[in-house]
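The values are calculated or read from the model by the stated rules, or taken from the named source; none is laboratory data. Keep in mind it's a predicted model, so treat the numbers as computed, not measured. No Cβ is skipped: glycine too gets one built from the backbone with ideal geometry, and neighbour counts run over all protein chains shown. Just so you know, the surface numbers come from the protein's heavy atoms only, side chains and all, with ligands and any DNA or RNA stripped out. Shrake-Rupley method; radii C 1.70, N 1.55, O 1.52, S 1.80 Å.
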Amino acid sequence: MADKQIKRIGVLTGGGDAPGLNAVIRAVVKTAIKKYNLEVVGFLDGFGGLINNMAKRMDLASVSGILPRGGTILGTTNRDNPFRYAIMKDGERAYVDMSDHIMSNLEEMQIDALVIIGGDGSLSIAREFWQKGLPVVGVPKTIDNDLSATDVTFGFDTALVTATEALDKLHTTAESHHRVMVLEVMGRYAGWIALHAGIAGGADVILIPEIPFIFENVCRKITNRKLNGKKFSIVVVAEGAKPLGGEMVIQKIIEDSADPIRLGGVGNLIGDEIEKCTGMETRVTILGHLQRGGSPTPFDRLLATRYGAHAVRVLMEGKFGYMVCLHGTNIESVPIVEAVKVLRTVSPDSDIVFAAKAVGIGFGDE
Ligand code: F6P
């Protein structure tokens, strides 16, 4: 398959959605049709579309007007791993490998290559397809910004704006009521959203997975602010934050997901503790999926468009098994195998953490 001339490509969005997916789809379709004279087929609901033959022809009209729209017109799911597809057998859940079935379907549909837009779970599946000989190119998506092979994933900037706006709003009500406001944000095992939004939104405490916290330190920070006349405090906590020597708070396990652990709930734990130890009235807001919704920011629209256009170019240059990425100000590409090796997490020694601490933000570590 890898030596074939490319005439028809497929595109799919996998994993949790992120603002900017539609902008990538639009760029892929437009670049493929206008620049390379290709045909494009969109697979629906992530890898489920490949397994169940749910596909539609994408023409220019099909992507008209979608640039500012959140979500994905193709649909997505963070279940349906083709290499470990859940079925019910004799009343029990069993897992089967559907990848050969997909390979022959694609052959039949005369799809020569696939653009897979996803986070580390979907890109790991892309890597496995590439290892089976399917020409693929990956596009890095996630609000968590935790892919190590790119400086930024699209979706992160929009999530950041949502979280920062939430902090601005929490500030006014916190100040009026002399309360502590805790905002729990997403990010899985990385603290990028909490760190960036916390700094941009003027938080007093930021708690992230990479810097385990000690409750007493968090409480001391808030009590000291009160003693200095600041009668309110703002705490941003990443869903993956954990106390020193403790564990992350798991909300649920989704068995048939490529990434079954769903974090969440640490905000309430921290809120209760703060109320107890500071005696200050505390409220908790869990921002949740609001961070994944809405219209992408101009930054994300631009990045998504560059990624989409470049993904098709990379395919046409015969660079299969690659993921497009941003390095500095340039769009480049890296082997997917490299891209999914390690998660990109916050370095406690980074200049961003230094700046946050320098302006007085506490991380609960000291
Ligand atoms: O990876 C993106 C993300 O939104 C994480 O920040 C969050 O932990 C997870 O997905 C939530 O997944 P679900 O779509 O299953 O609620």
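Across the range 87-177, C-alpha contacts under 8 Å between residues 6 or more apart give a mean separation that, scaled by the residue count, equals a relative contact order of 17 percent.
Listed by chain and number, the aspartates and glutamates whose C-alpha is less than 15 Å from the C-alpha of Lys276, apart from same-chain residues fewer than 8 away, are Glu216.
Annotation for the range 172-245 versus the range 37-69: alpha-carbon center distance of 41 Å.
Our summary gives the chain a relative contact order of 22 percent, counting only alpha carbon pairs under 8 angstrom and 6 or more residues apart. What the chain shows is 42 Å² of accessible area per residue, with the surface traced by a 1.4 Å probe over protein heavy atoms.
Show log10 I(q)/I(0) for the chain at q = 0.06, 0.07, 0.09 Å⁻¹, two decimals, from a solvent-free Debye sum over equal Cα scatterers. Log-scaled intensity ratios, in q order: -0.25, -0.33, -0.53. With each label modelled as a point 7 angstrom along the Cα→C-beta vector, the Ser295-Glu165 pair spans 1.0 nm. Roughly how tilted is helix 215-227, in degrees to the nearest 10 and between 0 and 90, from the longest Cα axis of the chain? It works out to around 60 degrees.
With both residues required to sit in the chain, DSSP beta bridges show an antiparallel share near 40%.
Centre-to-centre separation between the Cα atoms of the range 135-159 and those of the range 279-345: 2 Å.
Partnerless cysteines in the chain, where a partner means another cysteine C-beta under 4.7 angstrom, comprise Cys325. Ligands, DNA and RNA excluded, the heavy atoms of Lys35 present near 140 Å² of accessible surface to a 1.4 Å solvent probe. Among the GluC sites (Glu not before Pro) in the range 172-270, those located in a DSSP loop and surrounded by at most 12 other Cβ atoms within 10 Å of their own Cβ are Glu247, Glu255.
Using only Cα atoms, tell me the angle between helix 99-108 and the longest principal axis of the chain; keep it within 0 to 90° and round to the nearest 10. Value to nearest ten degrees: 50.
Could you please report the charge total around Ser104, scoring K, R as +1 and D, E as -1 over all other residues with beta-carbon less than 14 angstrom from its beta-carbon? Value of the local net charge: -3. For a paramagnetic label modelled on Glu39 (point 7 Å from Cα along Cα→Cβ), amide N atoms under 13 Å away belong, within the range 91-117, to 107-113.
Thr329 exposes around 110 Å² of accessible area when a 1.4 Å probe is run over every protein chain in place. I'd like the FRET efficiency for Asp272 and Lys132, computed as 1/(1 + (r/R0)^6) with the beta carbon distance as r and R0 of 56 Å, rounded to 0.05. After rounding, the FRET efficiency stands at 0.70. Listed by chain and number, the lysines placed with their C-alpha closer than 22 angstrom to that of Lys169 are Lys221, Lys226, Lys230, Lys231; residues fewer than eight positions away on the same chain are left out. At a 1.4 Å probe, what is the % contribution of carbon and sulfur to the accessible area of the range 211-263? Carbon and sulfur atoms account for 53 percent of the accessible area of the range 211-263.
Counting only DSSP beta bridges whose two residues both lie in the range 3-72, roughly 50 percent are antiparallel. Expressed as a whole percent, the accessible surface of the range 115-184 that belongs to carbon and sulfur atoms is 47, based on a 1.4 Å probe.
Neighbours of Thr173, meaning other residues whose beta-carbon lies under 10 angstrom from its beta-carbon, give a summed charge of +2 when Lys and Arg score +1 and Asp and Glu score -1.
For the range 19-85, with all protein chains in place and a probe radius of 1.4 Å, 43% of the accessible heavy-atom surface sits on carbon or sulfur. Rounded to the nearest 10 degrees, the inclination of helix 156-177 to the longest alpha-carbon principal axis of the chain is 20 degrees.
Computed extension gain for Ala61 through Gln110, at 0.36 nm per residue and net of the alpha carbon distance, reaches 15.4 nm. When the pairs Lys141/Lys242; Lys7/Lys141; Lys7/Lys35 are compared against a 23 Å limit on Cα-Cα distance, Lys141/Lys242; Lys7/Lys141 fall above it. Computed log10 I(q)/I(0) for the range 105-225 at 0.13, 0.18, 0.23 Å⁻¹: -0.65, -0.96, -1.27, from the Debye equation with unit scatterers placed on every C-alpha and solvent omitted.
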